[in-house]
Structures are given as structure tokens and as C-alpha cells.
Amino acid sequence: MTVRVQREDFDIGAELNALRAGRDDIGALVSFSGLVRGTAKGAPITSMELEHYPGMTEKALTAIEAQAVERWSLQASLIIHRYGLLHPGDQIMMVATASPHRSDAFEAAEFLMDFLKSRAPFWKKEATADGGRWVDAREADEEALRRW
Amino acid sequence: MTVRVQREDFDIGAELNALRAGRDDIGALVSFSGLVRGTAKGAPITSMELEHYPGMTEKALTAIEAQAVERWSLQASLIIHRYGLLHPGDQIMMVATASPHRSDAFEAAEFLMDFLKSRAPFWKKEATADGGRWVDAREADEEALRRW
Amino acid sequence: MDVLYFAWVRERIGLPKERIETGATTVAELVEELKAREERYAVAFSDMSAIRVALDQELSPLDASLDGVREVAFFPPMTGG
Amino acid sequence: MDVLYFAWVRERIGLPKERIETGATTVAELVEELKAREERYAVAFSDMSAIRVALDQELSPLDASLDGVREVAFFPPMTGG
């Protein structure tokens, strides 16, 4: 059960391999990674600045992960979220979940993503040719919380 | 949209990185990997033999993937499934799905797994101290198909 | 036609593949013909609810026609993933 | 107490953090006090449905008490992931 908030990029393969290294009780391993898309509302973006709230970010992510651990049969979990200046194609964040059977890993990963999107203090600002623009929260993201 | 059936192990990180290489339209990347567990029904297993039906396997996986592509907004997808002799902790298979937003990638990955479990011609035989035992199909796996 | 067996069906019948000349028009008729032929087939096919069938590599029901079919396969429920 | 601002709230108010001495007993009272103080606060807090609040790094409602709170943060809905 690990949370990391960092400026640096991460190696998703190394992270997934580390989660299962030296053990043989895991049957299912799910990962999600979020990437910077090159366009926003049809216009190309040149970069994205990710602001966060140091201290609260780690607390919020740890609390979300603890909820997932309580609800599902997880053998391991990982949340990595970057902040700072990113560019199209870059990795923004990842979650990984491990469980004996696939339904727990899948559901827990979706739960982590849904809560992380709307409850962890990150804010995205996209830079386009017209200047910077704060990304609006999506209605669908708030709705996604209701299913849990 | 790729299907590979192979005896060799695979590098999940290299596969995920290859899916997103040279493009910046993907927003969400989901992976699932299935691993050999070291115990079955409480007894330790020493190895697992994965039998398959060459020819039909590739056809079945390709058909399942085509259904996913039709139902969800996928930008890339991958299914790798191994056969032959495996050991506890080994990777058995992986799927990966890429989409602009996370719900498509998550749902398509779950769909691929549900259908692959019950519709692709693979059979697992576990070796224990008491000899070999064919793995029974799980009721839950057949039920999982009904939600789609 | 070629008849293939996988997993415990293969083990019970004792071979992975054989060539069979048959007048059977459906899968069910072919199964009855094989069961009547030898004990090992009767054992393998004793509970057909545990058997899946593919005709030319497509999953098919027991009452499917064998007309034009070149390859029949029998196997237990699949356990991939 | 320390008051922190993030994202466009920070940009509108023009600073990331300040120390404020206040007699306000709830978040809502603190907001009214700040709005009355200067135009830039009035602009940032003109639509409180677009503002989220954290007290000592826990998401909290607008009517929450400030009793014992050391750090208040104002920011727009979060857009991580």
C-alpha cells in the first residue's frame, strides 16, 4: 500500500513488476495510467501545469487507498501522481491493484480513480496558443462517485 | 489491435509503453495481467500446464477483441496469452486497452477478460504433490458474461 | 473429418486427434457413434453438459449440423485468463 | 491562521498563502470578512458553489467551525487523475 507524489516520471513496468516480486499469491494485477492528451476542446495544447496541495495530497490519497483496502480483498496497491510541468504524451499518474481474483483488482482500481479524480487536491492548467486555461471538473467525474 | 499467443514470457512495461509510443491522443491506459498462484484449493502447486487449441485460440481472441472495439471507443488494445509450462508467480496473460477517457478503457478491459476466461480455448492443469488436476471452470466466470 | 480432443477429454480418449469417417449428420449423432465404438469414448462423453464443441474452430451447439465441417473439437469448459 | 489558495483562486487573489487574524467562527464568516476587505477577494469568492474548502487539510463544508483550525485552504473543484 504505497502513495507517491512526485515531479519525476515513473516506469510503469518496473512498478508493476515490483508489486508482484518475490511472491506467488497474487492472481490478478490491474493498472491504470493517465496521460496528457495533445488536444483539449479541439485545440492543441503545448503543455500542462499540475498544481497540488503538498501535505493534503498525500493525506487524501492515503485515505482513498485505505478505503479501497477496507472494501476489497487487495494484496497490494500503489498510487503515483505527478505534479509540475508536463507535456502531451507524458504520464500523469498511475494506480495499480493486486488481488487473488480479478473482480477485486478491477473494482478497486476504478474506485481509486473515481475518488482520486474528485477528492485529491490536484488542478490542471493547460497551455494553448491562446494562453493558459484551468481544466474544468467534469460533471461525469462527480457522478462517478455515486456508484460506490 | 493485437493478439499474440506465445510460449515466451512478456514484458508488461515494454508492451504498455509501445501502445502509447509516438502518439498523444490517449488519455487512459488500462492493463490486466493474470499470474500463476502458488496454491490451489489450499494446496501448494508446483507448476501449471496451459494447453490451448492452436488456430482457434487466435481466432477466438481476435473475435473478442473485435467486439470490444465495436462497443467502446478504443484507440489501442492488446491481448497476450501464454501456453506451455508455467510456475507460481509467472505471468499467464495480459490485456491492455487505451481510450480518451477512463471508463471506456476500464470497461473494455473487463469485457475482454470476462470473454477470454470462458470463450478462448485454454485449459489449465495444476501439478501438486498429489499429481495433476485440471482446473474447473468457475461458475462466477460464466455469470460474469451476462452483464455485457 | 478431423476430430480433436483437448484437456481431460484428450486424456480420457487417449489421443489428441484422429481422422474419422462418419455418416453422422449432427454433433450429437457423432458423439453417440463414438460412445458405441469404445469404452474410453463412453467415459469421456458420459456427461455432455461438461463438454464443449467447436466446428471448424467456432463454438457450436450439440445439435449443430456436420454438413461441410472439416474439423470437430471436443473439450471441457475453458479456463484461460 | 494560515489561509492558502490554489489554482484560479490563487491567481485571482494574487498570492498562494497569507496569515490572517480573524474573529470569524465559521468558514462562511471568514469568506464574508475577506470579500468585504478587498475587491480581489470579492471576485475570487463571487460564486461559492465553485469553491471547495479544506480545514487542516480535510475537505469541509462552508458552515464548518474554525474553532482550533490552523490552516484553511480555498480552491476550485479538483481535476487530478
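State which residue is surrounded by the most Cβ atoms within 10 Å (Cβ to Cβ) when the search covers only the range B:99-132 and only residues that are more than 7 Å from chain C (Cβ to nearest Cβ) and hydroxyl-bearing (Ser, Thr, Tyr).
B:99
What are the residues in the range C:47-72 that are farther than 22 Å from residue B:134 by Cβ and basic (Lys, Arg), if any?
C:70
Among the listed residues C:32, C:11, which satisfies the condition of being within 14 Å of chain B (Cβ to nearest Cβ), surrounded by fewer than 17 Cβ atoms within 10 Å (Cβ to Cβ) and of a type in the set (Asp, Glu)?
Of C:32, C:11, the one residue that is within 14 Å of chain B (Cβ to nearest Cβ), surrounded by fewer than 17 Cβ atoms within 10 Å (Cβ to Cβ) and of a type in the set (Asp, Glu) is C:11.
Would you say residue B:95 is in contact (Cβ under 8 Å) with a residue 40 or more places away in the chain and closer than 22 Å to residue A:105 by Cβ?
yes
Can you say whether residue B:8 is part of a strand (DSSP E or B), more than 13 Å from chain A (Cβ to nearest Cβ), out of contact with any Ser or Thr (no Cβ under 9 Å at 6 or more places or on another chain) and in contact (Cβ under 8 Å) with a residue 60 or more places away in the chain, as far as the supplied structure shows?
no
Any chance the range C:47-62 includes a residue that's polar (S, T, N, Q), closer than 25 Å to residue B:138 by Cβ, without any contact (Cβ under 8 Å) to a residue 24 or more places away in the chain and touching a helix residue (DSSP H, G or I) at 6+ places or on another chain (Cβ under 8 Å)?
Scanning the range C:47-62, I find at least one residue that is polar (S, T, N, Q), closer than 25 Å to residue B:138 by Cβ, without any contact (Cβ under 8 Å) to a residue 24 or more places away in the chain and touching a helix residue (DSSP H, G or I) at 6+ places or on another chain (Cβ under 8 Å), so the answer is yes.
Please state which one of B:69, B:135 is farther than 22 Å from residue A:19 by Cα, in contact with a Ser or Thr (Cβ under 6 Å, 6 or more places away or on another chain) and among the aliphatic types (A, V, I, L, M).
After ruling out the rest, the residue left standing is B:135.
Could you tell me which residue of the range A:120-137 is nearest to residue B:106 (Cα to Cα), considering only residues that are in contact (Cβ under 8 Å) with a residue 12 or more places away in the chain and among the charged types (D, E, K, R)?
Applying the filter and picking the extreme gives A:124.
How many residues are more than 13 Å from chain A (Cβ to nearest Cβ) and farther than 20 Å from residue B:8 by Cα when one looks only at the range B:37-58?
So the count comes out to 1.
For the range C:30-40, enumerate the residues that are within 18 Å of residue C:71 (Cβ to Cβ) and of a type outside the set (Asp, Glu).
C:30, C:31, C:34
How many residues are among the hydroxyl-bearing types (Ser, Thr, Tyr) and closer than 18 Å to residue B:4 by Cα when one looks only at the range B:56-74?
2
I need the full set of residues from the range B:76-98 which are under 30 Å from residue A:139 (Cα atoms), touching a Ser or Thr at 6+ places or on another chain (Cβ under 6 Å) and either at pLDDT below 95 or within 12 Å of chain A (Cβ to nearest Cβ) (or both), in order please.
B:96, B:97 - these are the residues of the range B:76-98 that are under 30 Å from residue A:139 (Cα atoms), touching a Ser or Thr at 6+ places or on another chain (Cβ under 6 Å) and either at pLDDT below 95 or within 12 Å of chain A (Cβ to nearest Cβ) (or both).
Return the total of residues in the range B:1-36 being under 18 Å from the mean Cα position of the chain (by Cα), modelled with pLDDT of 95 or more and over 23 Å from residue A:14 (Cβ atoms).
3
When you scan the range B:36-45, do you find a residue that is within 14 Å of residue C:81 (Cα to Cα) and of a type outside the set (S, T, N, Q), even just one?
yes
Output the residue which, of all residues in the range D:14-29 that are among the hydroxyl-bearing types (Ser, Thr, Tyr) and surrounded by 13 or more Cβ atoms within 10 Å (Cβ to Cβ), is nearest to the chain's Cα centre (by Cα).
Here the residue is D:26.
The values are calculated or read from the model by the stated rules, or taken from the named source; none is laboratory data. Note that the coordinates shown come from a computational prediction; the quantities given were computed from them, not determined experimentally. Positions of Cβ are generated from backbone atoms using ideal geometry, with glycine treated the same way; all protein chains shown enter the neighbour counts.
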